[in-house]
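What follows is calculated from the coordinates using simple rules that are stated; it is not laboratory data. None of these values were measured; they are calculated from a predicted model. Here the Cβ positions follow ideal geometry from the backbone for every residue, glycine too, while neighbour counts run over all protein chains shown.
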Amino acid sequence: MVSTVVLLVTVAVVCAIGALASGPATERRRARDLSRRLRYVERHPQRVNLGDIESLMRAHEMPEDEIRLLTAKARSRGIRPLTMWMWVQQRGVHTLAVVVAADLSHEALISHLAHGTVPDLAELEVFAALNGLTRSAAEPTRPVVVTAAAVAPSARPAAPSVTARHDVAPGALPPVVAPGTWPYGDIRDILGGSAA
């Protein structure tokens, strides 16, 4: 009885030491296997699967919850892994994240790939954000400058003053910076003296 317990403890200790010793080697092996798999898929893109796409997203440091979101959306929308792989090769992982999260169809993605076009990413980022994609997963498509007045916490007003400015093309309408502002004067002057 005592010899059986000693034998079991010895086996447990040897297994624990083996697990600790092989930890870093296992991580290196996983990285090597992932690298080998991605090189294989580059040579044989018809063999790509959704796991390869997830690995590619992880390699680009996307958060796990967003990877799960994008995988679920791709499955539900019928977006094939080969289409996603081609999109990544031509446009990048972050652009793929935006178009998948914005609910573009498989056919729309193929059409854009075939014609060499890119949809309006600024517009799609809004839909992607509404569907759960954070700004960290999407590359900014245009510069946005946000400034806020630094107010001490004790003297903070009810509604903080925040001004957002987007780079606007020449001849475009000026941005509205606060509720109720109209940069063109009185509406009655514009409408010819009568308020509609």
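Some points to look at:
- VAL118 long-range amide H proximity, modeled H, under 5 Å: none
- In this structure, ALA114 and HIS44 have a Cβ-Cβ separation that, at R0 = 30 Å, corresponds to a calculated FRET efficiency of about 0.90.
- In terms of the mean number of neighbouring beta-carbon atoms within 10 Å, the peptides 125-132, 50-57 order highest first as 50-57, 125-132.
- Net charge dipole, region 48-137: roughly 200 debye, given to the nearest 20, about the Cα centre with Cβ charges of +1 for Lys and Arg and -1 for Asp and Glu.
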